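Here the structure is laid out as structure tokens; the discussion comes afterwards.
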Amino acid sequence: MGIRLQKYIAACGIASRRGAERLIREGKVTVNGATVREMGVIVEPEYDQVAVEGRLLARIEPFVYYMLNKPVGVLSTAKDDRGRRTVVDLLGNVTERVYPVGRLDYDSCGLLLLTNDGELAQRLIHPRYQVKKVYRVVVDGFPTKEDVNHWSQGVMLEDGPTLPARVERLRTRSGGTELLFELHEGRNRQIRRMCAALGYQVVSLCRIGMGPLTLGRLSAGRSRRLTDIELGNLRRAVGLNEA
């Protein structure tokens with residue numbers, strides 16, 4: 001798959017995207033031995049030889065994107081020095097070095113994205129882009145309409161007030177209530193702390209959506225590659241429309 005020259009230079013760690021554009025304009029970049037000065041040139045990292053100021057860039061791995069349904073009891077890290085099972089262990093025969101985008105608590109489950117695309121990952125977790133995350137949550141007890149409004153308007157936590165969120169009651173069940181939380185921020189154990197602030201304990205928490213992605217019927221512990229349509233929607237959600 002082709003990639004814009006300036007993006008490829010940035011991905012190789014030579015300069016920022018803007019810095020890469022400056023290097024191109026200054027005639028310091030060659031593709032297969034020919035100097036390139038215009039923007040928008042598409043290169044194939046698997047085949048083209050790109051050099052900056054005479055230094056040949058190392059080929060990067062192709063970007064890959066996987067959706068995983070993380071089970072409870074698995075760490076949201078690439079590796080663990082104590083030998084505990086991680087989300088990367090669940091991907092099976094994936095050869096690329098991928099890492100999780102954000103995290104889900106050890107005792108939470110649901111949608112987790114794993115990729116080696118650092119720029120996309122950074123935008124997905126940066127507060128500036130306010131990528132929505134949707135969770136199905138079961139709490140003990142029966143929250144009132146006032147409780148739901150309180151969560152929706154924002155709750156004061158020890159690290160400051162939460163942003164307004166969409167919260168709704170889905171149904172009651174034996175000893176508890178199933179809720180839907182839609183957040184645009186990602187603080188550590190945020191939903192559990194929001195619930196505790198009003199006297200409720202989370203019994204289970206599962207992320208079912210992130211940006212335009214939905215977990216769908218993907219079984220716990222299983223993973224799949226994103227479709228081209230899903231990837232395109234995800235990139236547009238964080239302002240990455242270019243190749």
Notebook entry, point to check: Roughly how many whole Å is it from the C-alpha centroid of region 191-231 to that of region 53-87?
Noted result: 19
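Dividing the Cα convex hull volume of region 3-56 by residue count, how many Å³ per residue is that? Show your work: numbers first, answer last.
Details: hull volume 3.5 nm³, N = 54.
Considering the Cα atoms of region 3-56, their hull volume per residue is 64 Å³.
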Next item on the list: Search the structure for amide H atoms under 5 Å from the amide H of Leu179, placed 1.01 Å from N in the peptide plane, and list their residues when 5 or more places away or on another chain.
Entry: Val137, Val138, Val139, Leu170
Item checked: Contact order relative to length of region 3-56, as percent, for alpha carbon pairs under 8 angstrom and 6 or more apart -> 36
Checklist line | Whichever aspartates and glutamates have a C-alpha closer than 13 Å to that of Lys28, once near sequence neighbours (fewer than 8 apart) are set aside | finding: Glu38, Glu53
Checklist line | Within the chain, helix-based [θ] at 222 nm, where runs of 4 or more DSSP H residues each add -39,500 (n - 2.57), nearest 500 | finding: -6000 deg cm²/dmol
Next item on the list: Along Cα→Cβ, 7 Å out, is where each label goes; now give me the distance between the ones at Arg55 and Asn93 in nm to one decimal.
Entry: 3.8
Next item on the list: Go through Phe63, Tyr99, Gly221 and say which Cα lies farthest out towards the positive end of the charge dipole of the chain; charges sit on Cβ, +1 for Lys and Arg, -1 for Asp and Glu.
Entry: Gly221
Check: How compact and how long is the chain, expressed as Rg and Dmax of its alpha-carbon atoms in Å?
Finding: 21.5, 70
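Take the alpha carbon atoms of region 132-210, find their radius of gyration, then divide it by 2.2 N^0.38 Å using N residues; give the quotient.
For region 132-210, the normalised Cα radius of gyration is 0.98.
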Check: When Lys and Arg each count +1 and Asp and Glu each count -1, what net charge do the other residues less than 14 Å away from Glu26, Cβ to Cβ, add up to?
Finding: +2
Note to self: Of the candidates Arg22, Arg222, Arg123, which one comes out as most mobile in a Gaussian network treatment of the chain with C-alpha springs shorter than 10 Å?
What the structure shows: Arg22
Check: Highest GNM mean-square fluctuation, the chain, Cα pairs closer than 10 Å: which of Lys145, Lys79, Lys70?
Finding: Lys145
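Quick note: the coordinates plus some simple rules give every number you see, no bench work behind them. Being a predicted model, the structure only gives us computed values, none of them experimental. Don't worry about glycine lacking a Cβ; one is built from the backbone with ideal geometry, like all the others, and counts go over all protein chains shown.
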